[in-house]
Amino acid sequence: MRIEPARDKAIGMGTHDMNVIDAVKSRISTRAFLDRPVSEDQIRELLEIARWAPSGGNLQPWRVHVVMGAGRDRLVATVKKAIAENPLADESELAIYPPKLGEPWRTRRFEIGEAMYALLGIPREDKAARIQHLMRNYEFFGAPAGLFFSLDRQFDKGQWAHLGMFMQTIALAAAEMGLATCMQEAWAARAKTVSAFLDLEESEQLYCGMALGYADPDANVNTLRSERANLSDFATFVAS
């Protein structure tokens with residue numbers, strides 16, 4: 001099965017080798033990118049594919065805002081300035097995680113974090129180095145392009161789910177095209193600064209960002225593969 005919309009030929013899409021199953025299994029949160037540009041044409045191709053993502057009632061509620069080139073650099077500089085002026089500011093409108101995260105989710109979050117820092121060679125007691133790596137989020141981990149996602153504030157949980165399907169479609173199509181992504185909820189902590197930079201309407205609520213580029217194959221952090229729960233841990237079958 002290929003990631004090709006039915007109207008592929010009409011919109012001039014190229015052909016690629018990776019199938020959907022391979023893309024699902026190989027996609028990771030890439031945290032180190034090559035200094036290699038991604039063209040506007042490539043990003044437009046991705047979004048032409050992703051616009052066929054499902055949504056209830058065909059609302060297609062998502063909005064995507066692309067930063068690249070000088071625009072990307074201006075955004076990074078703007079956010080860095082805001083962080084330097086008020087490093088403890090929290091501009092989040094959304095709680096990325098529940099304040100009292102229960103099990104097994106708390107352990108999963110802890111373990112993936114520790115595995116990442118181990119690959120980076122950053123011990124638990126080196127808080128400064130951990131914060132420094134966290135700040136790399138606001139540089140898209142070196143990726144040449146970034147995407148930001150938002151919804152109209154009238155929408156509720158159903159449309160947030162639709163936005164997630166849209167983002168996943170982008171990530172899988174990117175994998176087929178040989179590109180790498182990282183979905184970055186860290187941007188939520190600077191949502192007001194980013195929203196002002198993008199000149200979003202008051203009615204538009206920012207969710208998160210996504211780094212887009214070519215993965216650095218020599219970066220140790222890109223060897224990180226998260227553990228996944230067994231099927232029996234999350235699936236129930238009712239057959240009669």
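The values are calculated or read from the model by the stated rules, or taken from the named source; none is laboratory data. Since the model is a prediction, treat every value here as computed from it, not as a measurement. No Cβ is skipped: glycine too gets one built from the backbone with ideal geometry, and neighbour counts run over all protein chains shown. The area values use the complete protein model at the heavy-atom level, side chains included, leaving out ligands, DNA and RNA. Shrake-Rupley method; radii C 1.70, N 1.55, O 1.52, S 1.80 Å.
Of all the residues that make up segment 180-200, how many are over 22 Å from Ala84 (Cβ atoms) and without any contact (Cβ under 8 Å) to a residue 40 or more places away in the chain?
Adding up the residues that qualify gives 1.
Mind checking which residues of segment 128-161 are assigned to a helix (DSSP H, G or I) and crowded, with 22+ Cβ neighbours inside 10 Å?
Matches in segment 128-161: Tyr138, Phe140, Phe141.
Filter segment 166-221 for residues that are in contact with a Ser or Thr (Cβ under 6 Å, 6 or more places away or on another chain), outside any helix (DSSP H, G or I) and either open to solvent by less than 20 Å² (accessible area, probe 1.4 Å) or of a type in the set (Asp, Glu) (or both) and give the result.
Selection gives Ala180, Cys182, Glu204, Leu206, Met210, Leu212.
Out of everything in segment 86-105 that is at pLDDT below 95 and charged (D, E, K, R), what residue ends up being surrounded by the most Cβ atoms within 10 Å (Cβ to Cβ)?
Looking at the filtered set, the residue picked out is Glu91.
Residues are listed down the side, and each one gets a yes or a no for (1) within 16 Å of Phe148 (Cα to Cα); (2) surrounded by 14 or more Cβ atoms within 10 Å (Cβ to Cβ); (3) touching a residue at least 12 places away in the same chain (Cβ under 8 Å); (4) over 17 Å from the mean Cα position of the chain (by Cα):
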| site | (1), (2), (3), (4) |
| --- | --- |
| Ala32 | no, yes, yes, no |
| Ala50 | yes, yes, yes, no |
| Ala53 | no, yes, yes, no |
| Leu59 | no, no, yes, yes |
| Trp62 | yes, yes, yes, no |
| Arg72 | yes, yes, yes, no |
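Please tell me if Met116 is outside any strand (DSSP E or B), surrounded by 12 or more Cβ atoms within 10 Å (Cβ to Cβ) and free of Cβ contacts under 8 Å to residues at least 60 places away in the same chain.
Values: outside any strand (DSSP E or B): yes; surrounded by 12 or more Cβ atoms within 10 Å (Cβ to Cβ): yes; free of Cβ contacts under 8 Å to residues at least 60 places away in the same chain: no.
No.
Cβ-Cβ below 8 Å, separation at least six or inter-chain, first residue in segment 219-240 and on the phi > 0 side of the Ramachandran plot, second modelled with pLDDT of 95 or more and open to solvent by 40 Å² or more (accessible area, probe 1.4 Å): which pairs?
none
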